[in-house]
Structure formats: structure tokens, C-alpha cells
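Undergrad: Handing you a structure now.
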């Protein structure tokens, strides 16, 4: 039976490093990183927030965000272009409450199987995700063209704007304490009673999300408002 996945591997010659991301049909986002030419080290997978009726589209939005962020950081060499492929490895069952002691464990065999099974040749993230959606029975949304004038904004902001245009949400990484969610309808902060200073990477993610939201509002706001 195996596992249907979509993923990619990008490399940075300047840093001498590589990063691999693989999204499974259960909505689990696996990541690994390491030196170029060496066996990558898998990190703790990013599980969908439970309960979530639509885990795959939300995790696909996270996949897009990380892809854009990596390219902005100089990971521009496509070691494995974005691709949808079925693996022989069966992913670990996902707990109904996939956090804390029930959080998914790193799965190096899945990353290794993806590395060996992914075909060579060019591919785009849009095409790979569309094939992935079709294979798991989700109707992919038609890609909405970006509004004129967005070509000059940074790539990360363009990717975030595309996510908003597609009706999906931009979210901060799961964590204890403050967080945020940006949708076309508005911006929500998850602060509770905790206060914490954002790290530079977190601030950059939020800046990109807010910039994309402002561009989206300029395009959709009724004239005179």
C-alpha cells in the first residue's frame, strides 16, 4: 500500500547544506536537514492541529511557506524538484491528539524512501501539489492569478499572497505561547496571558504574512473604503 507524499529537496552551495520536506497524505510534514552530500538528519515532524477537518491543505500552505523561505535564504539548487510520489514505506499511524507524548516521531526511513523514489527532472511545486491533491481525492483549487504589480515584492510575500488568494490561512509555527493566523478576512493573535519577543525568523514570517494581507486587502477592498 505504501504512503502517498509530495516533497522536495533544496540545497545551498554557499552554506553547503540541504533541506528536505515531505508532506504525507495524513497531513504530517516531515523535515530533514544536513550537509550537502551527507545523510540528512530528520527533525520532529510537524503534525496537523487536532481536530482539523482539512489537515492536508493547511499543511500544504505551510509547505509553500517553508519552500519560499528556503529560497529566500539561498537554498536555490533543486536537488529533488517538487514531486508527488507513492513510497513503499508506510508512515507511522497518527494519534488523534498528535502532540506531547503522542506527537509523531521522526521517520528517517520515509525520508530515505522519498529520496530514492523521487524521479529526476524539472517540476514545480504547484504541479506537484495538484497531482498530490488529485491522487488523494481532493479537488485542487484553480490557481488564481496574482494581481498586477506584485512581481516586484519579495518571493516569500508573493507565495504568502498566493496562499491568501487561494482562500487558505497563513499561520505561525505551532508553539506554546503567542501565535498568529492571517486570512483574507483578518489577522488573529493567539497571546493568552503570555508575552514573548519574536525571534528574527518569526518576525520575518509575520512580516511576509502581513504584507501579503495588505496587498490582498488593496485588491479586494471596495473603492472608497
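FYI, it's all coordinate maths here, none of it is from the lab. If you're wondering where the values come from, they're calculated on a predicted model, not measured in any experiment. All Cβ positions, glycine included, derive from the backbone under ideal geometry; neighbour counts span all protein chains shown.
Undergrad: Which of 46, 199, 92, 54 has the fewest other C-beta atoms within 10 Å, and how do the rest follow up to the most?
TA: 199, 54, 92, 46
Undergrad: Separate question: Calculate the length of the line joining the C-alpha centroid of the range 5-33 to that of the range 158-173, in whole Å.
TA: 19
Undergrad: Turning to a different aspect of this structure: How much of the calculated P(r) for the range 3-135 lies past 26 Å, in percent of all Cα pairs?
TA: Here the tail beyond 26 Å accounts for 16 percent of pairs.
Undergrad: Taking the simple approach of a point 7 Å from Cα along Cα-to-Cβ for both residue 126 and residue 79, what is their distance in nm?
TA: About 2.7 nm separates the two model spin labels.
Undergrad: Within 10 Å of each residue's Cβ, count the other Cβ atoms and sort 216, 102 from fewest upward.
TA: In order of increasing Cβ crowding within 10 Å: 102, 216.
Undergrad: Residue 53 versus residue 90, label points 7 Å from Cα toward the beta carbon: distance in nm?
TA: 3.0
Undergrad: Related question: Return a whole-number percent for the relative contact order of the range 1-137, with Cα pairs under 8 Å and 6 or more residues apart as the contact set.
TA: Relative contact order, the range 1-137: 31 percent.
Undergrad: Quick check on packing: order 71-77, 17-23, 178-184, 93-99 by the mean number of other C-beta atoms within 10 Å, highest mean leading.
TA: Ranking the peptides 71-77, 17-23, 178-184, 93-99 by packing returns 17-23, 178-184, 71-77, 93-99.
Undergrad: For a footprinting-style exposure proxy, rank 220, 211 by other Cβ within 10 Å, fewest first.
TA: Ascending Cβ contact count within 10 Å gives the list 220, 211.
Undergrad: Please work out the Cα center distance from the range 53-77 to the range 87-124, rounded to the nearest Å.
TA: 16
Undergrad: A further question on this structure: With r as the distance between the Cβ atoms of residue 189 and residue 101 and R0 = 35 Å, compute the FRET efficiency 1/(1 + (r/R0)^6) and round to 0.05.
TA: About 0.80, to the nearest 0.05.
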